[in-house]
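The values are calculated or read from the model by the stated rules, or taken from the named source; none is laboratory data. Please read these numbers as outputs of a predicted model, since none were measured by experiment. Cβ coordinates were reconstructed from backbone atoms using ideal geometry, including for glycine residues, and neighbour counts include every protein chain displayed. Only protein heavy atoms, including side chains, enter the accessible area calculation; ligands, DNA and RNA are left aside. Shrake-Rupley method; radii C 1.70, N 1.55, O 1.52, S 1.80 Å.
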Amino acid sequence: FYLSYWEKHRGGDNVASVFWLYNRTGEAWLLDLGAKIHRRTAPWIDGVPDWHGVNFAQGFREPAQMSVLDHSSLGLAATERDYRAMFDMYGQVPGGLYGADENARPGFTDPRQAAETCAMVEMMLSDEMLLTQTCDRAWAERCEDVAFNSLPASMSEDLRALHYLTAPNMPLADRQSKAPGLQNGGPMLRFDPYDHRCCQHNVSHGWPYFAEHLWLATDGNGLAAAIYAPCRVTARVGDGTPVTILESTNYPFRDRIDLAVSIHKPNRFPIKLRLPSWCATPKITVNGKPQELSIGAADAVIEREWKQGDQVSLKFPMRVEIVRWAKNKDSASVRRGPLWYSLKIGERSVRSGGTDRWPAHELLPTRPWNYGLDLSSDLVVHDLPMPKDRQPFATKNAPVEIQAQGRRIPQWTLDSRGLVGRLQQSPAKTSEKLESIVLIPMGAARLRISSFPIVSPNGDGNPWIGAPTAKPALPAKASHLYENDTLDALTDGLVPVSSGDQSIPRFTWWDHKGDDEWVELELAHSESIRKVEVYWFDDRAIGGGCRVPDKWGLLYWAENGWVPVENASSYETVLDQFNTVTFAPIRTTRLRLTAKLRPGFSGGILEWRFK
C-alpha cells in the first residue's frame with residue numbers, strides 16, 4: 001500500500017481526528033485505528049525524520065499524542081526532544097519559529113532564513129494541542145510567540161494578501177526570487193491574495209484555533225485562562241451552572257488583563273490563571289483585594305464562590321531584555337514580555353498584480369535598515385495610543401515603541417537577488433555616527449530587522465566584509481531550467497566556495513535525470529575564444545540530487561550551425577574547482593555546453609567563464 005511523502009510525515013493529524021471521535025463514541029476499534037496510523041507514520045519518536053518546515057510543525061507532536069494510550073512519558077519526552085533539536089539548530093532567532101524555506105538546511109541558520117505561513121499556523125496548532133494535553137505553560141508561551149510576533153507580519157495589514165515566506169530579518173519584500181539563499185524560488189516575499197499554494201488554505205485556521213484555545217476546562221469543573229487575548233467565554237462550571245467571563249485587555253501591548261464574571265447564582269469553582277515565565281512580579285486582585293501568589297509558580301488558582309459582578313484584575317509587568325544568540329554570530333534581539341521588537345523601517349507599497357479589490361503588492365524600504373545596536377545606552381519604552389481601527393499589528397499603528405541607539409554598518413547590504421546579507425560576528429566594527437533608532441513590535445513590522453549585530457561604542461570590533469556583487473549576466477538558453485534556479489548564475493561573476501555552495505545563485509537541469517542536456521550563452525559580439533572554465537554544482541554533501549555529469553562537451557556557432565571545438569583538452573568533472581578545457585581558437589557569437597547526466601541524477605553549473 002502506497003504512502004505519499006506528505007501523509008507519512010503528518011500522520012499525527014489523522015491521529016488527532018481519530019482520538020477526537022473516540023472521546024465522543026467510545027468505540028474501541030478507533031484506538032486500534034490510531035495505533036495503525038502511528039505504525040505507518042514516520043518515526044518521530046526516534047528523532048526528527050524530516051526537516052521540511054511544515055512537516056515538522058505538524059509532525060513533531062505525534063509521539064506525545066500517542067502517549068495518551070500507554071500513559072508513558074517517552075512520547076512526551078520525544079516531542080520535546082524533537083522540538084529542541086529543531087530550535088537549537090535552526091531556531092536561534094526571535095519570533096517563535098525556525099528557518100525552513102522550504103526545508104531546514106545545514107548551514108542555513110541566519111535570521112534571513114524564513115518560515116512558511118503554513119508552518120506558523122501549524123506550529124501554533126501543535127502548541128495549542130500540546131498545551132491542552134500537558135497543561136504546561138511553555139506550550140502557551142510558544143504559541144503566543146508565533147501568534148504575536150510572526151503570524152501578523154505574514155499577512156498584509158488589511159488581511160487581503162499574504163506572502164509565502166517571512167523571516168526575522170527581511171528589509172525588502174519584493175517579487176524577485178531569492179533562491180538559493182531562500183530555498184524556494186519565485187516571488188515568495190510578495191504579498192499576493194492569489195499565489196502561494198498551501199498557505200492560502202492553512203492560514204485560515206490560525207486565528208480561529210488560537211481563539212478556541214484561550215480558555216480551557218480544568219480540574220474541579222473550573223476554567224483556565226491559558227492564553228491571553230480579548231474574548232468572552234461561556235461554560236458550565238461547579239455544579240453545572242452557566243458562567244460567562246468577559247476578558248478585556250490590550251495584551252500583549254499592555255500588561256493589564258481584566259476579567260468580569262457574570263453568573264445568575266453564586267457557585268463555587270476554580271479559575272486557573274497562567275503566570276508568564278517572563279514576568280518576575282505578577283499581581284492579581286479579586287474585587288480589588290490582592291491575592292497571595294507563590295514565587296515561581298506557573299499558575300495561580302483562585303477557588304471561591306463566584307457571584308455576579310466579581311472582578312479579577314491581572315497585572316504582568318514587562319521588562320526590556322536583550323537576548324544574545326551565541327549560535328548566530330552573537331547577535332542580539334530585544335524582547336519585552338511576549339513581544340520581540342524590530343527596527344521600524346519606512347515602507348513603500350508598490351502594486352504588482354492582483355485586482356483592484358484584491359491587489360498584490362511589494363514592500364520596499366524608504367529608509368536605511370543596516371543598523372547595529374549600541375547597547376551602551378538604555379532602551380526607553382513609549383506607550384502610544386491603541387489604534388482606533390483595532391489593527392495594532394501595523395507599522396503606522398504600533399501601540400508601543402522602544403527608543404534605542406544604533407550605528408549603521410555600510411558594508412551590510414542586500415545580495416545580488418535582494419536578500420539581506422548574512423550576519424557577521426559581533427561586535428561589528430563601524431565608524432558611523434551614533435543615531436537614535438525606533439523599534440516596534442515584530443508582528444507589526446513587515447519589513448524588519450529583528451536580530452541585530454552589536455556595535456561597539458568606541459568603534460572597534462570585527463570588520464564587516466561586504467557581500468560579493470554580481471555582474472550583469474550574458475543572455476542564455478537551456479534545454480531545461482528548474483523554476484527555482486536562474487540562467488543568470490552562469491555568468492554573474494560570483495565565484496563558488498565549493499561545488500555544494502548554496503549561498504549564490506545556480507543553474508540546474510533539475511529534475512531531469514540521466515539524460516542529455518545543453519545550455520548556451522549568447523555573446524555581446526563576435527569573440528575569439530580558446531579556453532572555457534566550468535564550476536559544476538554538486539550537492540551530494542547534503543544528500544541532494546545533483547552530481548557532476550558523466551561527460552560533457554563544447555560546441556560553438558559557425559556559419560553552418562553548431563560545431564564541436566577542435567583539439568580540446570580533457571573534459572574534467574572535478575569537484576570544488578573550475579574545470580578548464582583548452583582548444584584550438586574559435587571566433588563565435590554563441591557557445592553551447594552539452595552534458596550527459598549521470599543515471600538517476602541531475603546536474604548544474606555555478607559559474608561558466610571563457611577567454
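Worth a mention:
- Flag not set for ALA57, criterion: open to solvent by less than 10 Å² (accessible area, probe 1.4 Å), among the small types (Gly, Ala, Ser), under 21 Å from ARG448 (Cα atoms) and under 20 Å from the mean Cα position of the chain (by Cα).
- Applying the set (1) part of a loop (DSSP other than H, G, I, E, B); (2) without any contact (Cβ under 8 Å) to a residue 60 or more places away in the chain to ASP488 leaves exactly one unmet item: (1).
- GLY514 being farther than 22 Å from LEU591 by Cα and touching a helix residue (DSSP H, G or I) at 6+ places or on another chain (Cβ under 6 Å): no
- All positions within region 96-139 that are in a helix (DSSP H, G or I), under 11 Å from the mean Cα position of the chain (by Cα) and free of Cβ contacts under 8 Å to residues at least 60 places away in the same chain: none
- Test: SER204 is farther than 18 Å from GLU102 by Cα, under 17 Å from the mean Cα position of the chain (by Cα) and among the polar types (S, T, N, Q): no
- The strands (runs of 3 or more DSSP E) found wholly in region 296-415 and carrying at least 3 residues that are within 26 Å of the chain's Cα centre (by Cα) occupy 320-325, 331-336, 339-343, 347-354, 359-365, 371-373, 400-408.
- Residues in region 287-318 that are surrounded by 11 or more Cβ atoms within 10 Å (Cβ to Cβ) and basic (Lys, Arg): ARG304, LYS307, LYS315.
- Scanning region 16-33 turns up no residue that is buried (at least 23 other Cβ atoms within 10 Å of the Cβ) and small (Gly, Ala, Ser).
- Exactly one residue among GLU116, GLU80 is open to solvent by less than 10 Å² (accessible area, probe 1.4 Å) and charged (D, E, K, R), and that residue is GLU116.
- Residue ID - surrounded by the most Cβ atoms within 10 Å (Cβ to Cβ), chosen from residues in region 558-578 that are of a type in the set (Asp, Glu) and at negative phi: GLU572
- When region 501-551 is filtered for residues that are under 22 Å from ALA568 (Cβ atoms), open to solvent by 20 Å² or more (accessible area, probe 1.4 Å) and either assigned to a strand (DSSP E or B) or modelled with pLDDT under 95 (or both), the ones remaining, listed by number, are ASP516, TRP518, GLU522, SER526, GLU527, SER528, ARG530, LYS531, GLU533, LYS551.
- The condition (being under 27 Å from the mean Cα position of the chain (by Cα) and either modelled with pLDDT of 95 or more or closer than 17 Å to ALA332 by Cβ (or both)) is satisfied by just one residue among SER436, SER451: SER451.
- Any pair with Cβ under 9 angstrom, 6 or more apart, that starts in region 416-432 at a residue that is free of Cβ contacts under 8 Å to residues at least 12 places away in the same chain and ends at one that is assigned to a loop (DSSP other than H, G, I, E, B) and crowded, with 21+ Cβ neighbours inside 10 Å: none
- If the condition is being surrounded by 16 or more Cβ atoms within 10 Å (Cβ to Cβ) and in a loop (DSSP other than H, G, I, E, B), then region 433-472 contributes ALA445, ARG446, LEU447, SER450, SER451, PRO453, SER456, GLY461, TRP464, ALA467, ALA470.
- In region 263-284, the residue that is nearest to THR234 (Cα to Cα) out of those that are in a strand (DSSP E or B) and of a type in the set (A, V, I, L, M, F, W, C) is ILE263.
- Scanning region 593-611 for residues that are of a type outside the set (Val, Ile, Thr), open to solvent by 40 Å² or more (accessible area, probe 1.4 Å) and under 24 Å from ALA524 (Cβ atoms) yields ARG609, PHE610, LYS611.
- For first residues located in region 577-592 and within 18 Å of VAL548 (Cβ to Cβ), partners that are open to solvent by less than 20 Å² (accessible area, probe 1.4 Å) and lie 6+ apart or on another chain with Cβ distances below 6 Å form the pairs PHE578/TYR535; ASN579/VAL534; VAL581/VAL532.
- Within region 39-53, the set of residues being under 15 Å from the mean Cα position of the chain (by Cα) and closer than 13 Å to TYR83 by Cα comprises TRP51, GLY53.
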